[in-house]
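The values are calculated or read from the model by the stated rules, or taken from the named source; none is laboratory data. All values derive from a computational prediction rather than experimental measurement. Cβ atoms come from the backbone with ideal geometry, glycine included; neighbour counts cover every protein chain shown.
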Amino acid sequence: MIELGSAALLVCLGLALYGLVAGGIAAAQGKRRLSVSAQNAVVFSFVPAAVAFAVLLAAFVRRDFSFVYVAQHSSTTLPQPYAISALWGGQEGSLLLWLFLLTGYAAGAILLARRVSGGLAPWLAPVFALVIAFFALLLTAVATPFAAQPAPVEGAGLNPSLQNPYMMTHPIFLYLGFVGLTVPWAFAMAALLSRRTDELWIVATRRWTLLAWTFLGVGQLLGAKWAYEEIGWGGYYAWDPVENAALMPWLAATAFLHSVLIQEKKGMLRVWNILLVILTFSLSLFGTFLTRSGVLNSIHSFAQGKVGPALLGFIMLVVALSLILFFSRLPLLRSQTKLESVVSREATFLYNNLLLVALTLTILWGVIWPLVSEAVQGESRVVGAAYYNFFLRAFGLPLLLLMGIGPLIAWRKASLRSLGRTFLVPFAAALAAGTVLVALGAGSSPPGLIAYTFSAFVLAAIVLEFARGTSARRALRGTSWPAALFELVAANRRRYGGYLVHVAIVMLAIGVAGSSSYQTVRDAKLQRGESFVVRGYTLTYQDTVLREAPNALEQRAVVAVRDGDRDLGILEPGKNAYSVEAFFSTEVDIRSNWLTGEDLFLVAEQFNKDGSVYLRAFVKPLVNLIWLAGILFVFGSLVAMWPNAREQRRLVARYAPATVTES
């Protein structure tokens, strides 16, 4: 089996190298049959990558410790679901997952691109092949998951913090996002190489980009949920370098998804969009570098080794080649259409882009500052959460407000009189919300109050857009309100799906503001039978229990919870002792009120020999809006991605004689 996995990687590498060389020659010289052959090679590279992945997966299922990688990340006591997720719990396996997904994306994109003329398809094969060849070479020569050894009796086990249901899905969604961002970059490079610099490549990759962006967003929310429930510190985002590594390409892709609307509608921002694609893909590779190199201290990163320098070198190569190609085609990218007014929908999209990129680059600077400070001053200095929080408010709050302004403002140019009429209802809603919140005492946190007020403005603006559109369609068709609403969304899926995503972001903002700005924290050392009160909840420590789990010894504090006269049941925070991994973990317990969005979050910090226990309790208002926002985020993204036959016909007519298949 080990030999089969190694051979499969070599075959994948060979197919990618052929696709790179033959595809490049064929595209440059216009050799159609050779181009098709190169495309087929890249498409079929998925097969050996899938074989290699299946071999390693089977080894984990069978606990085959003759695989060095399996022995390092699994054990006989590890439950089967975690034995499977252990495949991507280490460096080599996660890189193999990257290659597997990359070849799948490349195969799908090339097969669909064959229906797109205009000279893009021939160049896709060598561009994809370049990335596939690098990762295949990395797995073959630098970090192979198929190293063999005499099988030991027991493996080292899996990091207990990864033995969590969210860690079975969180990395997969992140990789689907990271790897998926290769597709728009590949199409952009193919467009530059073929000198086809109109909107064709954007139309062809629209859904690919949206899909990868959605995967990346869901992956981050799952990671936040994991951090919230597993680490035991009461939060869900710590501005950890690897957390930021996933956030940065998502922010850059968000900017790109907004600015392509301007290019499609007005033919503007062609230069900007190419740069955004290069930035987005480079940041996705940079995130992989941070995780795999161990160059920065993070609970998510792996040990430092040879992978880091190889990844850094590849990032530099990608950036250099992309920029050389970009500047060589710059005269073809310049647009004749100019921004007509700073008060227009185009302008709000541009402001949105500038803020998103500014936030991205600010986070990037904070991430690399330890490396810069060590190189310049000889001492590594870490940027704290206060730095990130400041710029999140500085850039994030205006971004939140722009989500409400953008949909209401006119294209090309808007008059002050029309703006006054348009913003009357959202402004009144924001003013009313702010007044009520101040009366309720929310003014103790100005950033939280501003976030709530802006959120009310955005929600009112979006509701107003839905109401106006539904009313107009109902008057035109004479249908019921629900039918008119359904028809409105069905006819404008991209637009109204985007509005639903905006509502999800508003819910996220409210949840973050409420849980961070207005949370209550209390610590207490309790003997059996003693109680303490936190924000109306009475917590009574009853006993400590020990019990055996399949691969750990569990110690739990039994805590009764009451809210006034209401018995709310038992919470059991505690510790786990993992014998194989020689590791202790903190296990929290949470009581969620989904009606109010509030969580009672309880941690057992320490168990004492005298039978007492140190407890830390958090009451986090509105935190569950964050997770509900994730559900709406997915739904809105699916609506925006859902095919629209009428729009497809319009695109085909627009780009004739090229055949356009929006992807």
Exercise. Please give the number of the condition Y499 fails out of (1) touching an Asp or Glu at 6+ places or on another chain (Cβ under 7 Å); (2) under 28 Å from D610 (Cα atoms).
Key: (2)
Quiz prompt | Selection status of A386, farther than 23 Å from L350 by Cα, modelled with pLDDT of 90 or more and outside the structural domain of A504 (by TED's automatic domain parsing) | solution = yes
Quiz prompt | Where A491 falls short, out of the listed (1) crowded, with 18+ Cβ neighbours inside 10 Å; (2) within 30 Å of G469 (Cβ to Cβ) | solution = (1)
Quiz item: Just checking, how many residues over segment 402-434 are part of a helix (DSSP H, G or I) and either buried (at least 18 other Cβ atoms within 10 Å of the Cβ) or at pLDDT 75 or above (or both)?
Solution: 20
Quiz item: Out of curiosity, is T544 of a type in the set (V, I, T), touching a residue at least 24 places away in the same chain (Cβ under 8 Å) and either assigned by TED's automatic domain parsing to the domain that holds A582 or in a loop (DSSP other than H, G, I, E, B) (or both)?
Solution: yes
Quiz item: From the residues in segment 204-261 that are out of contact with any strand residue (DSSP E or B) (no Cβ under 9 Å at 6 or more places or on another chain) and among the β-branched types (V, I, T), which one is surrounded by the most Cβ atoms within 10 Å (Cβ to Cβ)?
Solution: T205
Quiz item: Only one of (1) under 35 Å from the mean Cα position of the chain (by Cα); (2) surrounded by fewer than 19 Cβ atoms within 10 Å (Cβ to Cβ); (3) in a strand (DSSP E or B) is not met by V580, so which one is it?
Solution: (3)
Practice problem: With the checklist (1) assigned to a loop (DSSP other than H, G, I, E, B); (2) at pLDDT below 80; (3) of a type outside the set (V, I, T) in hand, flag the one item A375 doesn't pass. | Solution: (1)
Quiz item: Hey, T479 hits all of (1) part of a helix (DSSP H, G or I); (2) closer than 30 Å to W642 by Cα but one; which does it fall short on?
Solution: (1)
Quiz item: Where in segment 159-252 are there helices (runs of 4 or more DSSP H), lying wholly inside it, with at least 3 residues that are closer than 19 Å to A629 by Cβ?
Solution: 170-180, 200-230
Exercise. Look through I570, I505 and report the one residue that is surrounded by 13 or more Cβ atoms within 10 Å (Cβ to Cβ), at pLDDT 95 or above and part of a helix (DSSP H, G or I).
Key: I505
Quiz item: So which residues in segment 468-524 are of a type in the set (D, E, K, R) and closer than 30 Å to L211 by Cα, if there are any at all?
Solution: R468, R473, E487, R493, R494, R495
Quiz item: If Q163 satisfies every condition in (1) within 28 Å of L312 (Cα to Cα); (2) at pLDDT below 90; (3) surrounded by 24 or more Cβ atoms within 10 Å (Cβ to Cβ) but one, which is the exception?
Solution: (1)
Practice problem: Output the qualifying pairs, or none if there are none: Cβ atoms under 8 angstrom, residues six or more apart or on different chains, first residue in segment 281-295 and over 17 Å from E92 (Cα atoms) and crowded, with 21+ Cβ neighbours inside 10 Å, second residue among the aromatic types (F, W, Y) and at pLDDT 85 or above. | Solution: F281/W185; S284/F178
